[in-house]
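The values are calculated or read from the model by the stated rules, or taken from the named source; none is laboratory data. Just so it is clear, the model here is predicted, and its values are computed rather than measured. Cβ atoms come from the backbone with ideal geometry, glycine included; neighbour counts cover every protein chain shown. In case anyone asks, the SASA skips ligands and DNA or RNA and just uses the protein heavy atoms, side chains included. Shrake-Rupley method; radii C 1.70, N 1.55, O 1.52, S 1.80 Å.
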Amino acid sequence: MTTIVERKAQLQARLAELQGRLKNIADELDNPANPDWDDLAIEREGDEVLEGLGLSGQHEIRQIDAALARIEAGEYGICTRCGAEIAEPRLVLMPETPFCQSCAGAVA
């Protein structure tokens with residue numbers, strides 16, 4: 001069983017990793033466009049993929065920030081919807097989850 005200190009460290013490590021990725025994505029998107037039309041079309045397709053990854057990363061960062069706030073409040077591992085304890089295997093797979101498996105199914 002993972003301790004809350006270990007889980008917090010895991011979440012903080014993932015947060016740092018995501019922030020680094022988002023910085024790299026932002027840097028790549030800020031690069032000037034290529035004046036060649038064919039290259040520009042390829043770059044734009046790549047930019048769309050990067051933007052999607054960036055949005056996904058931002059969403060995960062918000063979830064991790066919320067999980068870290070629940071840790072600080074002493075509410076981590078408790079479903080924010082029904083108040084039941086979130087199973088350890090679920091927290092191992094998704095340490096940022098605010099929902100037990102039952103409530104996650106109802107939300108989706």
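Can you tell me how many residues within the range 51-108 are aromatic (Phe, Trp, Tyr) and under 27 Å from Gly20 (Cβ atoms)? Walk me through it before giving the result.
Step one: list which residues in the range 51-108 are aromatic (Phe, Trp, Tyr), which gives 76, 99.
After this cut, where a residue has to be under 27 Å from Gly20 (Cβ atoms) as well, the list is 76.
Final tally of qualifying residues: 1.
Residue under question is Arg62, and the condition is that it be at pLDDT 95 or above, within 28 Å of Ile25 (Cα to Cα) and open to solvent by 80 Å² or more (accessible area, probe 1.4 Å); does it hold?
Working: at pLDDT 95 or above: yes; within 28 Å of Ile25 (Cα to Cα): yes; open to solvent by 80 Å² or more (accessible area, probe 1.4 Å): yes.
Considered against the rule, which asks whether it is at pLDDT 95 or above, within 28 Å of Ile25 (Cα to Cα) and open to solvent by 80 Å² or more (accessible area, probe 1.4 Å), Arg62 comes out as yes.
Out of Gly83, Gly105, I need the residue that is over 14 Å from Arg7 (Cα atoms), modelled with pLDDT under 95 and surrounded by fewer than 16 Cβ atoms within 10 Å (Cβ to Cβ). Which one? Explain how you work it out, then say what you get.
Details: Gly83 fails: modelled with pLDDT under 95.
On inspection, the qualifying residue turns out to be Gly105.
Identify, by number, the condition in (1) exposed (fewer than 13 other Cβ atoms within 10 Å of the Cβ); (2) in a helix (DSSP H, G or I); (3) modelled with pLDDT of 95 or more that Leu55 doesn't meet.
(3)
Which of the residues belonging to the range 58-98 are in contact (Cβ under 8 Å) with a residue 24 or more places away in the chain, assigned to a helix (DSSP H, G or I) and more than 18 Å from the chain's Cα centre (by Cα)?
Result: Glu88, single match.
So, of the residues in the range 18-47 that are modelled with pLDDT of 80 or more and either among the aromatic types (Phe, Trp, Tyr) or open to solvent by 80 Å² or more (accessible area, probe 1.4 Å) (or both), which turns out to be nearest to Thr97 (Cα to Cα)? Outline the logic, then answer.
To start, the set of residues in the range 18-47 that are modelled with pLDDT of 80 or more comprises 18-24, 26.
Adding the requirement that they be either among the aromatic types (Phe, Trp, Tyr) or open to solvent by 80 Å² or more (accessible area, probe 1.4 Å) (or both) leaves 19, 21, 23-24.
Details: Gln19: 19, Arg21: 21, Lys23: 24, Asn24: 26 Å.
Per the stated criteria, the residue is Gln19.
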